[in-house]
1. Would you pull out the residues with amide H under 5 Å of Val142's amide H, same chain only if 5 or more places away, H placed 1.01 Å from N?
2. Around Ser170, under 15 Å between beta carbons, what's the net of Lys plus Arg minus Asp minus Glu among the other residues?
3. Using Cβ counts within 10 Å as a stand-in for footprinting exposure, how do Lys210, Lys287, Lys62 rank, fewest first?
4. Pairs Lys39/Lys137; Lys39/Lys149; Lys118/Lys149; Lys39/Lys62; Lys39/Lys59; Lys86/Lys149: which exceed 28 Å Cα-Cα?
5. Taking θ = phi - 60°, what integer Hz values does the Karplus form 6.51 cos²θ - 1.76 cosθ + 1.60 yield along segment 30-45, in sequence order, with x for Gly and Pro?
6. Suppose each label sits 7 Å from its Cα in the direction of the beta carbon; what would the Glu49-Ile222 distance come out to in nanometres?
Amino acid sequence: MSKAKKNRYKTTSFYVTISMGFILFLLLIFGMAILRLDKIYGDQKEKIEVDVFFRENAKMAKMQQIEKEINLDHRVNSTTYIPKEKAVEFMIEGMGEEFLDEFLGGNPLYNSINLTLKKEYAQLDSVQLFEQNILEKYEDYVSEISYSKAQFQTINDTFYNGLWYALGLSSILLTIAIILINNTIRLAIFSKRFLIRTMQFVGAKHSFIKKPFLLNSIMQGITSALLAIILYILLSLALENYNSIIGELVFNAENIYSNFVIFGIIIAIGILVSFGSTYFSMNKYLKLSQDKLYKQ
């Protein structure tokens with residue numbers, strides 16, 4: 001093979017690697033967004049508050065005991081005891097003391113526990129079951145449990161809608177990526193079709209002919225994935241000071257596990273797509289007739 005052909009093949013391989021790298025980079029960003037979507041919405045769900053109101057006759061010791069027991073519940077994320085004196089201060093800040101005295105005639109509030117649930121249980125059916133359990137267990141001391149049903153329902157609907165949209169778009173992107181990578185690799189092997197035919201003429205076995213191409217495809221897949229990962233880390237360094245949803249996607253200590261998970265997936269995709277495209281393209285050109293060889 002002439003030096004010019006070798007250089008042309010190296011140039012083609014270089015472009016294949018770069019093209020795959022940028023496509024895998026886009027997949028990496030989208031994959032990270034899907035993985036982080038659960039945490040982003042989970043954090044929001046754990047901020048939704050539930051109020052447990054005590055009866056007027058509940059003693060302080062009993063209320064403290066109930067708070068400790070509720071705090072130990074596997075569904076509960078955090079609890080805060082709020083005496084009615086403190087609760088009325090919040091009402092005065094919002095409505096004014098005159099409104100409280102004139103229309104409500106003093107302090108109408110009760111001692112309560114303000115709590116949040118873990119994200120796994122921050123959904124309407126789980127909250128309703130939690131409410132039922134607490135009211136049955138402490139019926140002599142707890143009068144009411146208050147929370148916004150609409151808030152729980154809305155945030156879960158938003159999460160699942162967002163998840164389906166993200167999965168749909170990522171599936172489309174993955175399909176486009178596979179098609180583009182496959183076509184690019186086929187073009188690269190197309191430039192070597194005469195070398196493949198020459199090796200067949202001298203009696204080389206198919207496995208011998210395919211081996212260097214397949215090994216090169218694995219290296220291309222790994223190199224492209226590493227290029228995508230490097231670009232992602234560089235982007236993270238540029239966006240590390242953003243305190244927003246974008247900041248949730250960057251590479252840092254807080255999301256290092258999800259980063260390494262998606263890194264592994266991207267490397268696997270790079271290898272599988274590159275290897276698969278090369279394998280099927282090689283089979284095609286190895287079985288190609290002499291007449292069709294010049295028509296491709």
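1. For Val142, the qualifying residues are Arg55.
2. Computed value for this residue: 0.
3. Exposure proxy ranking, most exposed first: Lys287, Lys62, Lys210.
4. Check vs 28 Å cut-off fails for Lys39/Lys137; Lys39/Lys62; Lys39/Lys59.
5. 5, x, 5, 4, 5, 5, 7, 4, 4, 5, 4, 6, x, 4, 5, 5
6. Simple spin-label model gives 5.5 nm for this pair.
All of the numbers you see were taken from the coordinates with simple rules; none came from a lab. Predicted, not measured: the structure shown is a model, and the values here were computed from it. Glycine also receives a Cβ, built like all others from the backbone with ideal geometry; neighbour counts cover every protein chain displayed.
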